[in-house]
1. Considering only residues that are surrounded by fewer than 16 Cβ atoms within 10 Å (Cβ to Cβ), free of Cβ contacts under 8 Å to residues at least 24 places away in the same chain and touching a helix residue (DSSP H, G or I) at 6+ places or on another chain (Cβ under 9 Å), which ones fall in the range 31-46?
2. Could you look through the range 21-73, keep only residues that are in a loop (DSSP other than H, G, I, E, B) and within 12 Å of the ligand (Cβ to nearest atom), and pick out the one that is nearest to residue 157 (Cα to Cα)?
3. Considering each residue of the range 86-97, count those that are away from the ligand (no atom under 11 Å from the Cβ) and either outside any helix (DSSP H, G or I) or buried (at least 20 other Cβ atoms within 10 Å of the Cβ) (or both), and give that number.
4. If we keep just the residues of the range 98-107 that are touching a residue at least 24 places away in the same chain (Cβ under 8 Å) and over 19 Å from residue 50 (Cβ atoms), which is surrounded by the fewest Cβ atoms within 10 Å (Cβ to Cβ)?
5. Would the range 212-219 turn up any residue that is surrounded by 15 or more Cβ atoms within 10 Å (Cβ to Cβ), in contact (Cβ under 8 Å) with a residue 40 or more places away in the chain and assigned to a helix (DSSP H, G or I)?
6. Can you name the number of the only condition in (1) touching a residue at least 40 places away in the same chain (Cβ under 8 Å); (2) under 25 Å from residue 98 (Cβ atoms); (3) in a loop (DSSP other than H, G, I, E, B) that residue 201 fails?
7. Using the structure shown, decide if residue 66 is under 30 Å from residue 318 (Cβ atoms), surrounded by fewer than 24 Cβ atoms within 10 Å (Cβ to Cβ) and touching a residue at least 60 places away in the same chain (Cβ under 8 Å).
8. Those residues that are within 15 Å of residue 283 (Cβ to Cβ) and away from the ligand (no atom under 16 Å from the Cβ), I need them from the range 247-260; list them, please.
Ligand SMILES: [Mg+2]
């Protein structure tokens with residue numbers, strides 16, 4: 001697998017897939033699937049939003065911060081540097097979660113990151129914040145699942161002390177890392193999920209059960225009530241990362257359909273669609289993003305073109321790491 005040359009278009013797709021899913025899902029964040037259906041039928045266009053159609057939220061901002069930190073540290077996690085960069089992109093208007101608001105306050109008070117992460121929610125957050133930003137890790141370790149998992153957990157620990165949040169971030173990073181090197185022509189959803197399952201550590205029981213459900217539920221995708229009940233659509237990492245994966249493998253043939261479906265489930269729509277977008281973008285490449293979505297994306301500072309340039313730099317570092325066979 002390591003011999004597979006890295007595909008530049010796919011690496012950029014993982015970044016822009018996150019961005020486009022975030023922007024597509026954000027206007028209906030927190031809605032039930034039935035309310036989305038009543039009001040929009042389906043969300044197939046960038047609909048009006050608080051900061052404008054096509055704007056991004058915390059998902060994209062934290063992905064940018066993580067990527068910049070990984071570049072500065074040459075592919076390693078430097079917790080102090082990460083905290084500095086997360087703090088820098090923090091912007092209350094961009095839909096950051098309650099956990100992040102409290103973390104920022106603790107960091108500003110000088111509380112060390114490890115203690116701050118532990119203090120959240122009685123033993124650490126198990127939210128999906130560490131998974132939604134993780135696309136750059138998948139790119140750095142394309143096709144190297146164990147290495148992707150390890151780095152994803154290391155970056156998760158900085159904000160999420162709960163093992164479920166760390167394991168789910170690991171799973172999401174592995175999904176991106178695997179999608180990047182999986183040929184479209186011979187794709188098999190069961191093989192894809194089996195490879196992820198095999199790479200999960202024994203301790204990740206909850207996620208392993210969820211992966212079984214992901215395969216079982218494929219025939220019932222239209223029964224959104226059931227999918228949401230079984231897999232979840234909330235901000236808990238183990239109740240949203242498998243859901244994002246479900247949208248990808250159910251609609252693996254089409255980037256657009258996977259994202260439209262992810263949003264249609266309601267709940268934490270921006271993050272679930274961002275994570276589906278990361279995997280589907282890694283699989284199909286950036287050219288699969290519909291033009292009308294691409295054109296609508298916010299493009300100022302830390303906007304679309306900046307994220308493309310950032311993705312190119314991470315792609316270059318990934319090539320370097322592959323060439324030198326750097327640490328796994
Ligand atoms: Mg968000």
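1. The initial filter retains those residues of the range 31-46 that are surrounded by fewer than 16 Cβ atoms within 10 Å (Cβ to Cβ), namely 34-35, 37-39, 41-42, 45.
With free of Cβ contacts under 8 Å to residues at least 24 places away in the same chain added as a condition, the list becomes 38-39, 41.
Listed by number, the list holds a single entry, 39.
2. So the first thing to find is which residues in the range 21-73 are in a loop (DSSP other than H, G, I, E, B), and the list is 29-31, 41-57, 73.
Restricting the remaining residues to those that are within 12 Å of the ligand (Cβ to nearest atom) gives 29-30, 49-51, 55-57.
Numbers: 29: 26, 30: 26, 49: 32, 50: 31, 51: 31, 55: 28, 56: 24, 57: 21 Å.
My answer is 57.
3. Just the residues of the range 86-97 that are away from the ligand (no atom under 11 Å from the Cβ), to begin with: 86-93.
Those left that are additionally either outside any helix (DSSP H, G or I) or buried (at least 20 other Cβ atoms within 10 Å of the Cβ) (or both): 86, 90-91.
Summing the residues that are away from the ligand (no atom under 11 Å from the Cβ) and either outside any helix (DSSP H, G or I) or buried (at least 20 other Cβ atoms within 10 Å of the Cβ) (or both) in the range 86-97 gives 3.
4. Within the range 98-107, the subset touching a residue at least 24 places away in the same chain (Cβ under 8 Å) is 99-100, 103, 107.
Subsequent filtering for residues that are over 19 Å from residue 50 (Cβ atoms) retains 99, 103, 107.
Working: 99: 20, 103: 27, 107: 18.
Across the range 98-107, the extreme among qualifying residues is 107.
5. no
6. Here residue 201 meets the rest and fails (2).
7. no
8. Looking only at the range 247-260, we keep the residues that are within 15 Å of residue 283 (Cβ to Cβ), and these are 247-259.
Listed by number, the residues that qualify are 247, 248, 249, 250, 251, 252, 253, 254, 255, 256, 257, 258.
The values are calculated or read from the model by the stated rules, or taken from the named source; none is laboratory data. Just so you know, these numbers come straight off a predicted model, no measurement behind them. FYI the Cβ positions are ideal-geometry reconstructions off the backbone, even for glycines, and counts take in every protein chain you see.
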